[in-house]
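Encoded as structure tokens, the structure appears first; notes follow it.
The values are calculated or read from the model by the stated rules, or taken from the named source; none is laboratory data. Keep in mind it's a predicted model, so treat the numbers as computed, not measured. Cβ: placed from backbone, ideal geometry, glycine included. Neighbour counts: every protein chain shown. With ligands, DNA and RNA removed, areas are computed over all heavy atoms of the protein, side chains included. Shrake-Rupley method; radii C 1.70, N 1.55, O 1.52, S 1.80 Å.
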Amino acid sequence: MDKGMCLWEENVRKVTPYTPGEQPAGKRNIKLNTNENPYPPAPGVEQALKNIDADLLRRYPDPNGEPLRSAIAGLCGVSKEKIFLGVGSDEVLALAFLTFFNGEKPILFPDITYSFYDVWAELYGIPYERIPLDPDFRIRKEDYCKPCGGIVLANPNAPTGVELAQEELEEIIEAHKDVVVIVDEAYVDFGARSVQPLLDKYDQLLIVRTFSKSRSLAGMRLGYAIGNEKLIKYLSDIKFSFNSYTINRATILAGVEACRDQEYFEKTVDRIIRERERTGERLQNLGFEFFKSKTNFLFVTHPSLPITELFDYLRERGIFVRHFQKPERIVPYLRITIGTEEEMDELIKAIETFAGEHRA
Ligand code: PMP
């Protein structure tokens, strides 16, 4: 036993947790570090929250999140039996790992991807293998065509922003009919192609999405999975062995309104995509390098500017971006969430000043 350890500590399940992006206090900061949406949720969301009947909070919410589950099913054009709701897509993913990855062979995911995947695998004791992305941060489909316990792919991938072509993704899914393949589509609304059309063809395909990014509801915590009824039933059995009432009444009301206002959704997503392209051009002009992003962030590096110093420089000026310490290959990169036009102007101005000081 380690010195200084309490007697009871030996039986503690010890884990290395996921490190979420910093949430600095105050509204004055320019927060480009956790891929939140810079625009508020659809106006109907605010109204719904204002009109909440507090008396109803005495009662538990619907255990399946109705009527939100039906609203999401309508949005996706599937029956509600194909939809599973969770407290953010993090909860959906955590429950999906627990439900579907119960074999002895390792599950596969890229070495550079959402850094929660290995945390869940460690937590549950699921064997896993990280498959290196190629030097252009691309997933090589050949690397995944081998026996395994399951596959998890974020598409577009995070934090790279790079999309894997649907044909290649389908080859991976086709090669693994004996295990569940999870496609994490957290960022799919920002210009990528969803694998949803493949759902009828593959009963082992589970798609996970979130309301945190394109629908501006990160603070509400709402995510969902789409899959065939059997997958959803297994997932629900695990959820109901864990916590019956995961989606609270306020989230149900807000979520329904966010689904209803498609026009607002399209308008804000378009605005973010346009700003991503504009910011990309300006960063390119400053010598930054990055691969084409299909998300609401850019993953950038620079051949001569010191990235860690730039990160600190921006932070001191209240501009928060994300810098990952592992794996080592991505240490020279910054992940920059696309904010409003004004926020990106401020960012570019600060980077120009930093670059000027470094050249001088
Ligand atoms: N998947 C990916 C790839 C993400 O980047 C995130 C956001 N951190 C999530 C899932 C989880 O998002 P949320 O729990 O807010 O739905």
Among the lysines, select those whose C-alpha is under 17 Å from the C-alpha of Lys80, and discard any that sit fewer than 8 residues away in the same chain.
Lys230, Lys233, Lys239
Just by accessible area at a 1.4 angstrom probe, what is the order of Trp120, Trp8 from largest to smallest?
Trp8, Trp120
Which order do you get for Ser216, Ser70 if you rank them by accessible area with a 1.4 Å probe, largest at the top?
Ser70, Ser216
One computes Rg over Rh for the chain from alpha-carbon atoms, with the Kirkwood Rh, and obtains 0.97
For the chain, what is the accessible area per residue in Å², given a 1.4 Å probe and the full set of protein chains?
49
Go through Ala254, Ile232, Val162 and say which Cα lies farthest out towards the positive end of the charge dipole of the chain; charges sit on Cβ, +1 for Lys and Arg, -1 for Asp and Glu.
Ala254
Show that you can apply the helix-only estimate: for the chain, add -39,500 (n - 2.57) for every DSSP H stretch of four or more residues, divide by all residues, and state [θ] at 222 nm to the nearest 500.
-10500 deg cm²/dmol
With every protein chain left in place, what is the accessible area of Lys31 in Å² (1.4 Å probe, nearest 10)?
50
Return the subset of Lys31/Lys292; Lys14/Lys213; Lys14/Lys326; Lys27/Lys213; Lys294/Lys326; Lys201/Lys267 for which the Cα-Cα distance in this structure is over 27 Å, preserving the input order.
Lys14/Lys213; Lys201/Lys267
